[in-house]
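A.B. asks: What follows is a structure written as structure tokens; I'll ask about it next.
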Amino acid sequence: MKFIQYYLECLSHASYLIGDETSGRAVVVDPQRDVAEYLADAEEHGFRIELVIETHFHADFVSGHLELAQASGAKIVYSSVAQPEFDFMGVDDGQRYSLGEVTLEFRHTPGHTPESMSIVVYEHAGDPVPYGVLTGDTLFIGDVGRPDLLASIGFTRDELADKLYHSLRDKLMTLPDATRVYPAHGAGSACGKNLSTELWSTIGDQKRTNYALRAADKQSFVDLVTAGQPPAPSYFVYDAVLNRKDRELLDETAMPQSMDYDQAAMALADGAVLIDGRSPEEFAQGHLRGAINIGLAGRYAEFAGSVVKPDADIVLVTEAGQELEGKNRLARIGFDRVSGYLSAPEQTMFAHRDQVQVASRLTAEAFAQRSAEIADLQIVDVRNPGEAAAGMVPGAVNIPVGQLPDRVTELDANRPTVVYCAGGYRSSVAASLLRQKGFTDVSDILGGYNAWAASTQTA
């Protein structure tokens with residue numbers, strides 16, 4: 001058996017290729033939307049991909065099942081409970097599928113979503129201990145899938161939490177302790193609140209260490225897994241619906257259109273959003289007015305999806321050579337309306353200096369001085385509630401960056417404003433968004449809350 005785990009850091013997303021070397025037959029599980037790597041690996045190892053298996057309708061990214069099926073001729077597989085709007089092969093609870101020596105067993109494990117399933121992988125059909133289980137978003141390393149993401153479209157979190165409890169106890173914890181656990185996400189994903197940086201574990205280890213699996217009873221479990229979940233990015237419902245649809249395919253090789261300043265300005269005048277993918281440091285030194293800073297080096301697509309609407313046209317600013325990456329990373333969450341990218345951005349800004357502004361970034365010491373000098377300073381903590389609960393700057397209001405577009409009216413655009421996060425990435429996103437919304441005096445804190453806390457200990 002060839003077992004390959006792929007891990008996409010920017011979305012904390014794990015996908016898998018499983019191939020039988022005796023038969024040359026293979027499957028891919030939970031693929032990202034740009035699928036070239038799976039195809040290349042299958043070709044390298046002499047595999048024919050015959051199934052694209054989805055553990056559930058994902059909410060945090062647009063899956064590549066349609067792209068991979070088109071490119072390989074594979075069938076798309078979901079739980080028989082699922083109802084996508086395209087042809088698929090539904091598999092029943094307990095059903096097995098042979099690739100030759102390698103055998104897959106499908107177990108319905110609803111809870112994160114109603115159609116969630118897990119895939120038990122056997123190197124040989126008769127093995128008493130499976131090689132592993134691909135748990136999707138049902139069981140993570142250190143956590144379990146959150147049951148509240150579908151509350152807005154017909155399912156309550158308590159209903160799904162009840163299903164999740166039984167799926168874990170009756171379908172996954174019954175596997176031998178030595179069975180490896182391979183989830184669909186790791187640390188940083190908003191699909192849970194306590195995900196480990198480890199990319200795999202075992203059933204036995206999770207029984208011993210996973211807080212949710214150690215709950216004394218069902219009600220304790222429900223209380224534990226529904227409390228303190230991070231705010232879901234606003235694009236999650238959009239993606240969960242899009243993954244059910246027969247949508248347009250991504251051409252991951254197609255470059256976005258190059259735009260000069262006049263073309264970009266025309267697109268912006270028509271309502272497009274300008275996303276500047278440079279680092280917060282470079283952005284602060286000079287950027288076009290109205291640009292939102294979402295650095296490509298960070299969780300680019302996630303934060304773009306948190307502050308930009310899915311139906312918005314987008315113009316990109318990137319470092320030279322990163323234009324295609326920017327387009328494809330947005331496409332991974334279904335944001336396909338990239339009008340183009342600004343060509344030669346530095347030269348363009350030099351030629352249009354009247355349309356360029358710098359961003360104010362304060363050291364922790366400068367922030368302390370500003371706080372002492374300005375009595376009505378407006379301080380905004382854009383971290384998640386769990387982070388803020390562990391400590392905040394005195395006088396700050398907590399509005400997570402993903403909620404800022406809908407809660408901006410809670411703030412006074414005429415007051416001097418300072419925003420901060422944990423380290424400085426999210427605060428640059430938030431500060432640039434506030435400037436775009438008409439706030440005239442906005443700064444963020446270099447190094448974020450961590451730098452501020454350190455400065456108060458040494459003061």
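The values are calculated or read from the model by the stated rules, or taken from the named source; none is laboratory data. Computed from a prediction, not measured in an experiment: that's the story for all the values here. Here Cβ is always computed from backbone atoms with ideal geometry, including for glycine, and neighbour counts include all displayed protein chains. When the accessible area is computed, the model is the full protein with side chains, heavy atoms only, and any ligands, DNA or RNA have been set aside. Shrake-Rupley method; radii C 1.70, N 1.55, O 1.52, S 1.80 Å.
A.B. asks: In the range 158-186, how many are free of Cβ contacts under 8 Å to residues at least 60 places away in the same chain and in a loop (DSSP other than H, G, I, E, B)?
C.D. replies: Count: 7.
A.B. asks: I'm trying to understand the selection: among the residues of the range 193-229, which are charged (D, E, K, R) and within 20 Å of the chain's Cα centre (by Cα)? Outline the logic, then answer.
C.D. replies: We begin by selecting, within the range 193-229, every residue charged (D, E, K, R); these are 193, 198, 205, 207-208, 214, 217-218, 223.
Those that are charged (D, E, K, R) and within 20 Å of the chain's Cα centre (by Cα): 193, 198.
A.B. asks: Going by what's in this entry, would residue 232 be described as more than 22 Å from the chain's Cα centre (by Cα), part of a loop (DSSP other than H, G, I, E, B), over 20 Å from residue 327 (Cβ atoms) and not polar (S, T, N, Q)?
C.D. replies: On the way: more than 22 Å from the chain's Cα centre (by Cα): no; part of a loop (DSSP other than H, G, I, E, B): yes; over 20 Å from residue 327 (Cβ atoms): yes; not polar (S, T, N, Q): yes.
For residue 232, the condition - more than 22 Å from the chain's Cα centre (by Cα), part of a loop (DSSP other than H, G, I, E, B), over 20 Å from residue 327 (Cβ atoms) and not polar (S, T, N, Q) - is not met.
A.B. asks: Here's another thing I want to ask about it. If you scan the range 50-73, which residues turn out to be open to solvent by 10 Å² or more (accessible area, probe 1.4 Å), of a type in the set (A, V, I, L, M) and touching a strand residue (DSSP E or B) at 6+ places or on another chain (Cβ under 6 Å)?
C.D. replies: 69
A.B. asks: A further question on this structure: Which condition breaks for residue 227 when tested against (1) under 26 Å from residue 299 (Cβ atoms); (2) surrounded by fewer than 18 Cβ atoms within 10 Å (Cβ to Cβ); (3) in contact (Cβ under 8 Å) with a residue 12 or more places away in the chain?
C.D. replies: With respect to (1) under 26 Å from residue 299 (Cβ atoms); (2) surrounded by fewer than 18 Cβ atoms within 10 Å (Cβ to Cβ); (3) in contact (Cβ under 8 Å) with a residue 12 or more places away in the chain, residue 227 is out only on (3).
A.B. asks: So, in the range 201-222, how many residues would count as being of a type in the set (Ser, Thr, Tyr), within 21 Å of residue 177 (Cβ to Cβ) and open to solvent by less than 70 Å² (accessible area, probe 1.4 Å)?
C.D. replies: First, the residues of the range 201-222 that are of a type in the set (Ser, Thr, Tyr): 201-202, 209, 211, 220.
Pick out the ones that are also within 21 Å of residue 177 (Cβ to Cβ) and you get 201-202, 209, 211.
With open to solvent by less than 70 Å² (accessible area, probe 1.4 Å) added as a condition, the list becomes 201-202, 211.
Residues in the range 201-222 being of a type in the set (Ser, Thr, Tyr), within 21 Å of residue 177 (Cβ to Cβ) and open to solvent by less than 70 Å² (accessible area, probe 1.4 Å): 3 in total.
A.B. asks: Answer with yes or no whether residue 349 is of a type outside the set (S, T, N, Q), part of a loop (DSSP other than H, G, I, E, B) and more than 21 Å from the chain's Cα centre (by Cα).
C.D. replies: Working: of a type outside the set (S, T, N, Q): yes; part of a loop (DSSP other than H, G, I, E, B): no; more than 21 Å from the chain's Cα centre (by Cα): yes.
The answer is no for residue 349.
A.B. asks: Filter the range 158-177 for residues that are touching a strand residue (DSSP E or B) at 6+ places or on another chain (Cβ under 6 Å) and open to solvent by 10 Å² or more (accessible area, probe 1.4 Å) and give the result.
C.D. replies: Listed by number, the list holds a single entry, 171.
A.B. asks: Now for a separate question. Looking at (1) at pLDDT 95 or above; (2) part of a loop (DSSP other than H, G, I, E, B), which is the only condition residue 426 fails?
C.D. replies: (2)
A.B. asks: Now for a separate question. Just a yes or no: is a residue in the range 392-401 under 18 Å from residue 233 (Cα atoms), surrounded by fewer than 17 Cβ atoms within 10 Å (Cβ to Cβ), touching a helix residue (DSSP H, G or I) at 6+ places or on another chain (Cβ under 8 Å) and not assigned by the TED database to the domain that holds residue 288? Show your work before the answer.
C.D. replies: Residues of the range 392-401 under 18 Å from residue 233 (Cα atoms): 398-401.
Next cut, surrounded by fewer than 17 Cβ atoms within 10 Å (Cβ to Cβ) only: 398.
Subsequent filtering for residues that are touching a helix residue (DSSP H, G or I) at 6+ places or on another chain (Cβ under 8 Å) retains 398.
Within this subset, residues satisfying the condition of being not assigned by the TED database to the domain that holds residue 288 are 398.
Yes - at least one qualifying residue is present in the range 392-401.
A.B. asks: Pick from 453, 344, 413: which is in contact with a Phe, Trp or Tyr (Cβ under 6 Å, 6 or more places away or on another chain) and surrounded by fewer than 19 Cβ atoms within 10 Å (Cβ to Cβ)? Give the steps one after another, and end with the answer.
C.D. replies: Values: 453 fails: in contact with a Phe, Trp or Tyr (Cβ under 6 Å, 6 or more places away or on another chain); 344 fails: in contact with a Phe, Trp or Tyr (Cβ under 6 Å, 6 or more places away or on another chain).
Result: 413 is the single residue among 453, 344, 413 that is in contact with a Phe, Trp or Tyr (Cβ under 6 Å, 6 or more places away or on another chain) and surrounded by fewer than 19 Cβ atoms within 10 Å (Cβ to Cβ).
A.B. asks: Here are some conditions: (1) touching a His at 6+ places or on another chain (Cβ under 8 Å); (2) closer than 29 Å to residue 122 by Cβ. Residue 196 meets all but one. Which one does it not meet?
C.D. replies: (1)
A.B. asks: Further question on the same structure: Given the residues 195, 139, which is the only one that is at pLDDT below 95 and under 19 Å from residue 15 (Cβ atoms)?
C.D. replies: Working: 139 fails: at pLDDT below 95.
Only one candidate passes the filter, namely 195.
A.B. asks: Among what's in the range 187-205 and is among the aliphatic types (A, V, I, L, M) and assigned to a loop (DSSP other than H, G, I, E, B), pick the residue that is farthest from residue 401 (Cα to Cα). Write out each step before concluding.
C.D. replies: Here is the first cut: in the range 187-205, the residues among the aliphatic types (A, V, I, L, M) are 187, 190, 195, 199, 203.
Next cut, assigned to a loop (DSSP other than H, G, I, E, B) only: 187, 190, 195, 199.
On the way: 187: 19, 190: 13, 195: 21, 199: 27 Å.
The qualifying residue farthest from residue 401 (Cα to Cα) is 199.
A.B. asks: Would you point out the residue of the range 382-416, among those that are of a type in the set (D, E, K, R) and in a helix (DSSP H, G or I), that is farthest from residue 226 (Cα to Cα)?
C.D. replies: Per the criteria, the residue is 410.
A.B. asks: Of all residues in the range 94-124, how many are in a strand (DSSP E or B), over 25 Å from residue 150 (Cα atoms) and open to solvent by less than 30 Å² (accessible area, probe 1.4 Å)?
C.D. replies: Step one: filter the range 94-124 for residues in a strand (DSSP E or B), giving 96-98, 103-108, 117-122.
If we keep only those that are over 25 Å from residue 150 (Cα atoms) as well, we get 96-98, 103-105, 120-122.
After this cut, where a residue has to be open to solvent by less than 30 Å² (accessible area, probe 1.4 Å) as well, the list is 103-105, 120-122.
Counting residues in the range 94-124 that are in a strand (DSSP E or B), over 25 Å from residue 150 (Cα atoms) and open to solvent by less than 30 Å² (accessible area, probe 1.4 Å) gives 6.
A.B. asks: Name the residue that is nearest to residue 297 (Cα to Cα), counting only residues in the range 413-436 that are over 23 Å from the mean Cα position of the chain (by Cα) and basic (Lys, Arg).
C.D. replies: 435
A.B. asks: Could you tell me whether the range 10-26 includes any residue that is at positive phi and surrounded by 15 or more Cβ atoms within 10 Å (Cβ to Cβ)?
C.D. replies: Going through the range 10-26, the residues at positive phi turn out to be 12, 24.
So of that shortlist, the ones also surrounded by 15 or more Cβ atoms within 10 Å (Cβ to Cβ) come out as 12, 24.
Checked the range 10-26: at least one residue is at positive phi and surrounded by 15 or more Cβ atoms within 10 Å (Cβ to Cβ).
A.B. asks: Exactly one of these conditions fails for residue 155: (1) of a type in the set (Phe, Trp, Tyr); (2) without any contact (Cβ under 8 Å) to a residue 60 or more places away in the chain; (3) open to solvent by less than 60 Å² (accessible area, probe 1.4 Å). Give me its number.
C.D. replies: Failed condition: (3).
A.B. asks: A further question follows. Against the condition open to solvent by 10 Å² or more (accessible area, probe 1.4 Å), under 26 Å from residue 161 (Cα atoms), small (Gly, Ala, Ser) and within 26 Å of the chain's Cα centre (by Cα), how does residue 36 come out, does it pass?
C.D. replies: Numbers: open to solvent by 10 Å² or more (accessible area, probe 1.4 Å): yes; under 26 Å from residue 161 (Cα atoms): no; small (Gly, Ala, Ser): yes; within 26 Å of the chain's Cα centre (by Cα): yes.
For residue 36, the condition - open to solvent by 10 Å² or more (accessible area, probe 1.4 Å), under 26 Å from residue 161 (Cα atoms), small (Gly, Ala, Ser) and within 26 Å of the chain's Cα centre (by Cα) - is not met.
A.B. asks: I would also like to ask the following. Could you list, in sequence order, all residues of the range 407-428 that are among the charged types (D, E, K, R) and free of Cβ contacts under 8 Å to residues at least 40 places away in the same chain? Steps first, answer last, please.
C.D. replies: Going through the range 407-428, the residues among the charged types (D, E, K, R) turn out to be 407, 410, 412, 415, 426.
Across the range 407-428, the qualifying residues are 407, 410, 412, 415.
A.B. asks: Of all residues in the range 269-288, count the ones that are part of a helix (DSSP H, G or I) and open to solvent by less than 20 Å² (accessible area, probe 1.4 Å).
C.D. replies: 3
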